[in-house]
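To start, the structure under review is shown below, and the notes come after it.
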Amino acid sequence: METEAAQLIGKGLATFSMFGSGIGEGYLIGKALEAMGRNPDMQGTIFTNMIIGVALAESTAIYAFVAFFII
């Protein structure tokens, strides 16, 4: 396999990782909003935990984005 082909495969895998991160963030936010709708008294706690979770999921996408340009 040529090195250019291996680089393109690596970039494709990094792009796939960014795509999966976006799906995960959408799922996380949707479930958090659903939980807030079911129990409005816990809104502050759920929102705080949601923001932390989104930041962790977003960091995965940022790492994949950096890897895309390093490869």
| What is the residue count in the stretch 12-50 for residues that are surrounded by 14 or more Cβ atoms within 10 Å (Cβ to Cβ) and basic (K, R)? | 0
| field | Only one of L13, L28 that is of a type outside the set (S, T, N, Q), modelled with pLDDT under 90 and under 17 Å from the mean Cα position of the chain (by Cα) | value | L13
| For the stretch 29-71, what are the residues that are among the hydroxyl-bearing types (S, T, Y) and more than 30 Å from T3 (Cβ to Cβ)? | T45, T48
| note | Going through the stretch 38-71 in order, the residues found to be of a type in the set (V, I, T) and assigned to a helix (DSSP H, G or I) are T45, I46, T48, I51, I52, V54, T60, I62, V66, I70
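The values are calculated or read from the model by the stated rules, or taken from the named source; none is laboratory data. Every value quoted in this text rests on a predicted model; they were computed, and no experiment measured them. Cβ sites come from the backbone with ideal geometry, for glycine too, and all protein chains shown count toward neighbours.
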